[in-house]
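The values are calculated or read from the model by the stated rules, or taken from the named source; none is laboratory data. In this text the structure is predicted, and so the values were computed from the model without any measurement. Cβ: placed from backbone, ideal geometry, glycine included. Neighbour counts: every protein chain shown. These accessible areas exclude ligands, DNA and RNA; they are computed on the full protein's heavy atoms, side chains included. Shrake-Rupley method; radii C 1.70, N 1.55, O 1.52, S 1.80 Å.
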Amino acid sequence: MATYAIGDIQGCLRQFDALLEKLNFSALDELWLAGDLINRGPESLQLLRRVKALSSQCQIVLGNHDLHFLAILFGGHKAGAKDTFADLLQAPDVYEIGHWLRKQKLAHQDNGHIMVHAGIPGFWASAQAFAYAEEVEAVIGQAEGITLAAGEVSYKEFFSKMYGNEPPRWDESLNGMDRLRIITNYFTRMRYVDAACTMNFAEKGGIENAPVGFMPWFEQAPEQKGQERAETILFGHWASLNGVTHSAKHIALDTGCVWGRFLTAYCLETGEVTRQSAH
Ligand SMILES: [Mn+2]
């Protein structure tokens, strides 16, 4: 049995199927999917149906594009001009898919590995990061029709107020929607941060494009010297890294399949990388 982590599929069903075939993926193997399962690519609906059917063998973390779909479905937002999941929004099973998708996680860990879509702030110890992820998961994955305490955020309210770049940096005293939004932004949208872990959302280039005063999140030092994370972090989201982090503890899985490059699988047991060309 093997565990394969795969980066941003973004509706590239054909390449996903070809990659599984290349891996000889069997009923004994497990898949870790690093989010952004959909959007920009051609087959978001069929991809989600395929992954949902495989879900007993899948660990999934949500990416910004997955959350964007959920914000349209449950938060009253409209699709944008660049969105390519009209088929999904019109499907008879869209709510069944949406309710299943909103019960997925922001962070998953097992066997010395952590998977997130974008990253984890350097100054969050792993246990802390998982506690924050669970705060958001508890809201977005809420059971239907439960009674909320005063001040508690419903999943529909979360999806209606999810968008935004504020607050700009972490503060433990944040609460309500501001707290949920910044936790979600760290896990699903972060690329460059400054020393105070303020996110820069404008720059999307590679490591060498860091804006003045900013660094890739995975180069940020831990709060206390000697507190380096024990786990290896697997992440997607940052296609322009093209798999390069210069750090054995940070595995970048998004190699831009939807932009005509590759879909990448990383075997957790062997460290072997398998690639499927977009063409
Ligand atoms: Mn992303």
Given pairs Lys105/Lys156; Lys52/Lys78; Lys225/Lys249; Lys82/Lys204 and cut-off 21 Å on Cα-Cα distance, the over-length ones are Lys52/Lys78
Using the Cα centre of region 3-277 as origin and beta-carbon charges of +1 (Lys, Arg) and -1 (Asp, Glu), tell me which of Pro222, Asn39, Gln104 is placed farthest towards the positive end of the dipole.
Asn39
Going by average Cβ density within 10 Å per residue, which order do the peptides 256-262, 66-72 take, highest to lowest?
66-72, 256-262
What helix-only [θ] at 222 nm does the chain give? Using -39500 (n - 2.57) per DSSP H run of at least 4, over all residues, to the nearest 500, the answer is -8500 deg cm²/dmol
Relative packing of 5-12, 89-96, 240-247, which averages over residues the other C-beta atoms within 10 Å, highest first
5-12, 240-247, 89-96
For the chain, using Cα atoms only, the Rg and Dmax in Å read 17.8, 53
DSSP bridge orientation in the chain - percent antiparallel, rounded to nearest 5:
50
By per-residue mean of other Cβ atoms within 10 Å, what is the highest-first order of 144-155, 211-222?
211-222, 144-155
Tell me the per residue accessible area of region 3-277 using a 1.4 Å probe; a whole number in Å² is fine.
43
